[in-house]
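Please read the structure below before turning to the comments.
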Amino acid sequence: MKLPEFLFPLINAVMKLVLRSPIHTLVSKEIMLLEFRGHKSGRQIKTPVSYTISGNEVRCFTTKDGGWWYSFRDSQTSPVKVKVLIAGRSYNAIAIASHSSEPEIATKLREFLVQVPGNAAYHNIKLDESKHPVKADLDAAVSDCVLISIELK
């Protein structure tokens, strides 16, 4: 289910509180707190995002019109220092954004949505009866996706 956009400021505020509290276990299997410096304002931004972990790589996705990822635009040449709060533990990390239609991004998006199927609606991707992304929808959506790869330190 896709939540209305106008609810996100309230939901994000609540998620920030929950993720920093002892009851974080209610949501921290799928949601982490990502902290980074804003590219225009220079201020610290903290935003809750859905994530998956593959080895030492934490992955999150957004759409190109999701403004928060702009702070990572130049990260291919200069990785961005971030902090993440995952399951109650804080980590220093570096983040790199990728936004192309490369097959690798489609594969990672598919893996992400298998683990976090609730995010499929935000990418206009339907799930089949086994809760896997429909290939045609995935192929259509990948060009609008941004992958943020985070390497924990």
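The values are calculated or read from the model by the stated rules, or taken from the named source; none is laboratory data. Here the structure is a predicted model, which is why all the values come from computation and not from measurement. Using ideal geometry, Cβ is built from the backbone for each residue, glycine included, and neighbour counts are taken over all protein chains shown.
Of everything in region 109-149 that is part of a helix (DSSP H, G or I) and of a type in the set (Ser, Thr, Tyr), the residue that is surrounded by the most Cβ atoms within 10 Å (Cβ to Cβ) is Tyr122.
Condition check: modelled with pLDDT of 95 or more and surrounded by fewer than 20 Cβ atoms within 10 Å (Cβ to Cβ). Does Ala87 satisfy that? Explain how you work it out, then say what you get.
Details: modelled with pLDDT of 95 or more: yes; surrounded by fewer than 20 Cβ atoms within 10 Å (Cβ to Cβ): yes.
Yes; evaluated as a whole, the condition is true for this residue.
For (1) more than 13 Å from the chain's Cα centre (by Cα); (2) hydrophobic (A, V, I, L, M, F, W, C), each residue gets a yes or a no:
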residue: Leu26; (1), (2): yes, yes
residue: Glu30; (1), (2): no, no
residue: His39; (1), (2): yes, no
residue: Gln44; (1), (2): yes, no
residue: Gly55; (1), (2): yes, no
residue: Asp65; (1), (2): yes, no
residue: Asp74; (1), (2): yes, no
residue: Ile94; (1), (2): yes, yes
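Look at region 80-108: where a residue is in a helix (DSSP H, G or I) and a partner is of a type in the set (A, V, I, L, M) and buried (at least 20 other Cβ atoms within 10 Å of the Cβ), sitting 6+ places away or on another chain with Cβ atoms under 7 Å, you get Ile105/Val142; Ile105/Leu147; Ala106/Leu138; Ala106/Val142; Lys108/Leu147.
Quick grid of which residues meet (1) under 13 Å from Leu85 (Cβ atoms); (2) at pLDDT 95 or above; (3) charged (D, E, K, R):
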residue: Lys2; (1), (2), (3): no, no, yes
residue: Leu17; (1), (2), (3): yes, yes, no
residue: Ser28; (1), (2), (3): yes, yes, no
residue: Leu33; (1), (2), (3): yes, yes, no
residue: Ser41; (1), (2), (3): no, no, no
residue: Thr62; (1), (2), (3): no, no, no
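Counting the residues of region 31-68 that are crowded, with 21+ Cβ neighbours inside 10 Å and assigned to a loop (DSSP other than H, G, I, E, B) gives 1.
Considering Ser28, Ser75, Ser71, the condition of being surrounded by 13 or more Cβ atoms within 10 Å (Cβ to Cβ), touching a residue at least 24 places away in the same chain (Cβ under 8 Å) and in a loop (DSSP other than H, G, I, E, B) is satisfied by Ser28 alone.
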